[in-house]
Amino acid sequence: MCTILIHALAVMAAVNVVRRERRLGRVGSSFWIDLGIVVAAVSCALAAHLVEIALWALLFMICGEFSAFGNAFNHSAVNYTTLGNDNVIMSPSWRLLGPLEAANGALMFGVSTAMIFTVIQRMVQTRYVDLRE
């Protein structure tokens, strides 16, 4: 639930940047401004993912699976990105957290992809009038 809230906040931050820039008439006016908007959107998504990975790592530490945050963060990143090559096997009572984090990460990457695609699509439509339909 926390990860969904964090991601929703990141998406809204990116959307608000694009809305503000469109309202000011800057979207499509300069390659550099458009590039900055895309970088801001991607940065919002990346920051959200990193915070979410850290929250999962804290959960693993609270559950007693890790004593060092670095190890917990690494394990969490492996789960969240669905990489799945970490050799750490969690205790039976908490083992299901890994697949749950992987499912959560896959969903959040999907949300990020949709948001970034929409930002780029709106900018292309604004910059290139002939592509509007």
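Would you be able to say whether some residue in region 14-27 is among the acidic types (Asp, Glu) and over 14 Å from the mean Cα position of the chain (by Cα)? Looking through region 14-27, at least one residue is among the acidic types (Asp, Glu) and over 14 Å from the mean Cα position of the chain (by Cα). The sole residue among Leu55, Leu35, Leu5 that is assigned to a helix (DSSP H, G or I), closer than 24 Å to Val124 by Cα and under 21 Å from the mean Cα position of the chain (by Cα) is Leu35.
If you go through region 64-89 and pick out every residue that is touching a residue at least 12 places away in the same chain (Cβ under 8 Å), buried (at least 17 other Cβ atoms within 10 Å of the Cβ) and of a type outside the set (Gly, Ala, Ser), you end up with 5.
Taking Met61, is it without any contact (Cβ under 8 Å) to a residue 24 or more places away in the chain and either part of a loop (DSSP other than H, G, I, E, B) or more than 17 Å from the chain's Cα centre (by Cα) (or both)? For Met61, the condition - without any contact (Cβ under 8 Å) to a residue 24 or more places away in the chain and either part of a loop (DSSP other than H, G, I, E, B) or more than 17 Å from the chain's Cα centre (by Cα) (or both) - is met. Among the residues of region 7-15, is there at least one that is surrounded by 15 or more Cβ atoms within 10 Å (Cβ to Cβ), in contact with a His (Cβ under 9 Å, 6 or more places away or on another chain) and in contact (Cβ under 8 Å) with a residue 12 or more places away in the chain? Taking every residue of region 7-15 in turn, at least one turns out to be surrounded by 15 or more Cβ atoms within 10 Å (Cβ to Cβ), in contact with a His (Cβ under 9 Å, 6 or more places away or on another chain) and in contact (Cβ under 8 Å) with a residue 12 or more places away in the chain. Scanning region 76-95 for residues that are farther than 27 Å from Ile116 by Cβ and either in a helix (DSSP H, G or I) or among the basic types (Lys, Arg) (or both) yields a total of 1.
Throughout, read-outs are computed from the coordinates displayed, never taken from laboratory work. If you're wondering where the values come from, they're calculated on a predicted model, not measured in any experiment. Cβ coordinates were reconstructed from backbone atoms using ideal geometry, including for glycine residues, and neighbour counts include every protein chain displayed.
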